[in-house]
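What follows is one structure encoded as structure tokens, with my remarks underneath.
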């Protein structure tokens with residue numbers, strides 16, 4: 001057993017012990033009742049149908065006994081025929097009611113699935129970004145699929161059985177008592193054999209259900225991560241397919257084992273109950289026959305009692321099994337409610353108002369912020385940990401204040417981890433501040449409606465995301481009502497229209513998962529086109545041109561300058577050349593703004609900004625003008641690539657120098673993660689000055705000498 005498997009097993013033992021000791025709260029049952037309130041009319045019809053079906057089920061044994069009596073006593077043939085026809089009519093009616101009941105059951109169950117899934121999906125959509133960075137995607141999808149279906153079974157399958165079986169049980173006991181109270185009491189003496197094991201088995205099945213759900217979610221997470229394009233690439237690059245298959249097989253075997261244990265326990269339980277009912281049936285025939293031979297019981301009554309006994313023990317067996325099913329369903333409901341109980345950190349206020357019309361300003365007023373702790377945004381079961389960390393994160397922003405007038409461009413520069421991207425994420429309210437205020441048009445973003453805020457603020461990140469959908473669908477995310485000419489205009493301004501026209505299906509070409517059918521530069525330009533299509537009044541560019549070669553970057557910078565005219569822009573940049581014309585530049589260090597001004601003013605001041613500029617000039621004075629760069633996995637440069645995707649020459653991971661990133665302090669201006677020469681990173685060990693982007697790009701994965709992806 002591998003170390004990973006051993007650690008996972010130990011962790012699961014802790015989690016399972018915790019779950020096994022947790023009883024089901026009455027609050028869970030009350031929440032289920034409240035959740036099913038919209039379905040109560042359908043539930044009522046379903047219950048009434050079950051009552052009628054139960055009545056018919058009891059009538060058949062009584063009629064069968066009368067047929068036997070008529071035969072034994074030499075009754076007329078007409079009576080036997082009429083009784084037989086009545087039994088046939090009841091059988092047809094039972095079949096018809098069974099079909100109707102199944103339809104009602106399916107409608108009820110599927111309706112509940114719809115409500116649960118939409119409720120969970122809507123709730124998860126409102127969770128903060130930190131929730132998604134911590135949560136295992138496969139575990140979350142399992143809640144939305146497996147657990148919702150498990151909860152639905154309680155209504156589509158178990159509910160119908162419980163109602164009809166309870167009615168059948170009561171009616172059967174009543175009829176049996178009228179036929180022979182002695183035999184009926186003897187049958188009831190075996191009742192504890194059904195009830196006691198059912199109570200014990202219910203708790204055991206609940207524990208196994210929790211374990212199975214956890215194992216299924218873990219296996220789903222494994223597949224989700226390894227089947228994604230980045231995950232599959234990583235596995236191939238490190239030569240781990242065999243090890244990954246072994247680890248997956250270990251998880252799959254655990255799922256198999258719990259499935260076998262569950263099925264065996266259920267089968268043994270039901271088989272034992274069936275055996276008891278069979279022995280009881282033999283007892284009824286023996287005792288009833290003895291009474292009949294003595295003349296104290298009609299032969300037909302013996303037959304009726306035998307048939308009714310099956311109607312008695314069958315419901316008892318089903319009800320005993322129903323407890324197991326209900327306990328399993330309650331586990332599923334608990335896991336669904338667990339997600340619904342997570343409180344979204346970002347909520348719209350009841351009196352929220354729209355963003356004011358016209359050009360708007362942006363202001364940060366003494367903003368303080370720390371990322372939320374794990375217990376605020378996640379669940380231990382979704383992270384595969386025994387307990388969540390309750391400690392809050394270190395304060396990232398410490399009193400940030402600035403004002404951006406309408407239609408101006410504000411640039412943020414500074415070391416990696418200084419807080420630049422955090423500032424950018426607070427503006428569209430991806431997080432809420434801990435202190436101070438972020439304002440758009442003079443209004444605190446917490447007082448604005450979510451719809452108007454999203455319609456006002458647009459953002460392009462360093463790694464723009466594309467869904468596995470068509471180019472058209474990815475563009476229309478920002479503005480669903482956009483026309484065809486408007487789409488092509490946005491593509492033209494992003495310098496992408498020619499490429500899209502050359503695609504096999506044009507706008508209807510599928511971009512692939514995360515846009516992997518396009519090169520890094522093409523993906524980024526598509527996200528910029530999406531921004532241009534939205535026509536928002538406030539635009540955030542978080543290293544938006546990091547994935548573009550020099551030629552493409554220059555073209556897009558021209559398009560952005562045209563598109564951003566009259567709009568308020570916040571630009572996070574490492575390449576200082578891209579923000580020289582900004583109306584104000586803010587230098588961020590350790591969560592504080594240490595300098596502010598225009599490019600020339602900051603150079604003249606000789607502070608941190610001037611240091612960054614000098615470092616760039618010293619490391620690679622001609623890097624930004626040189627066409628000899630290479631596109632890398634996360635960004636291409638005018639000279640060489642850094643792992644964070646920026647370089648006009650040299651970037652330092654602890655102090656961006658608008659140039660080449662050098663994680664180990666090499667001179668010469670380039671990062672080389674595997675020690676190759678040639679001045680650029682080569683993740684797979686190539687020399688010659690270009691990096692191969694594993695799996696990225698449509699045809700070629702080594703980059704061109706001109707610095708753009710081929």
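For the reader, a short list of remarks on this structure follows.
- Test: residue in region 545-563 that is at pLDDT 80 or above and in the same structural domain as residue 460 (by TED's automatic domain parsing): no
- Residue in region 292-299 that is on the phi > 0 side of the Ramachandran plot and at pLDDT 80 or above present: yes
- Residue match in region 289-310 (condition: under 30 Å from residue 152 (Cα atoms) and touching a helix residue (DSSP H, G or I) at 6+ places or on another chain (Cβ under 9 Å)): yes
- Residue match in region 214-227 (condition: at pLDDT 80 or above, out of contact with any helix residue (DSSP H, G or I) (no Cβ under 8 Å at 6 or more places or on another chain) and over 15 Å from residue 319 (Cα atoms)): no
- Residue list for region 409-434, restricted to those being surrounded by fewer than 18 Cβ atoms within 10 Å (Cβ to Cβ) and farther than 20 Å from residue 589 by Cβ: 430, 432
- Applying the criterion of at least 2 residues that are within 22 Å of residue 36 (Cα to Cα) and at pLDDT 70 or above to the helices (runs of 4 or more DSSP H) found wholly in region 146-210 leaves 148-153, 160-179.
- Selection within region 504-528 - closer than 10 Å to residue 474 by Cα and out of contact with any strand residue (DSSP E or B) (no Cβ under 8 Å at 6 or more places or on another chain): 515, 526
- Filter pass, residue 126 being farther than 30 Å from residue 318 by Cβ and at pLDDT below 75: no
- Flag for residue 136 being closer than 30 Å to residue 348 by Cα, touching a helix residue (DSSP H, G or I) at 6+ places or on another chain (Cβ under 6 Å), without any contact (Cβ under 8 Å) to a residue 60 or more places away in the chain and in the same structural domain as residue 218 (by TED's automatic domain parsing): no
- Of everything in region 490-514 that is in contact (Cβ under 8 Å) with a residue 60 or more places away in the chain and over 16 Å from residue 528 (Cβ atoms), the residue that is surrounded by the most Cβ atoms within 10 Å (Cβ to Cβ) is 514.
- Total residues in region 33-46, condition surrounded by 18 or more Cβ atoms within 10 Å (Cβ to Cβ) and in a helix (DSSP H, G or I): 2
- Scanning region 280-302 for residues that are surrounded by fewer than 13 Cβ atoms within 10 Å (Cβ to Cβ) and in a helix (DSSP H, G or I) returns 282, 286, 290, 293.
- Flag for residue 66 being free of Cβ contacts under 8 Å to residues at least 12 places away in the same chain, under 29 Å from residue 285 (Cβ atoms) and assigned to a helix (DSSP H, G or I): no
- Taking the listed residues 392, 464, 436, the one that is at pLDDT below 90 and in contact with a strand residue (DSSP E or B) (Cβ under 9 Å, 6 or more places away or on another chain) is 392, with no other qualifying.
- Among (1) part of a helix (DSSP H, G or I); (2) at pLDDT 85 or above - the single one residue 334 does not satisfy: (2)
The values are calculated or read from the model by the stated rules, or taken from the named source; none is laboratory data. The structure presented is a predicted model; accordingly, all values stated were derived computationally and were not measured. Quick reminder, even Gly has a Cβ in these numbers, built from the backbone with ideal geometry, and neighbours come from all protein chains shown.
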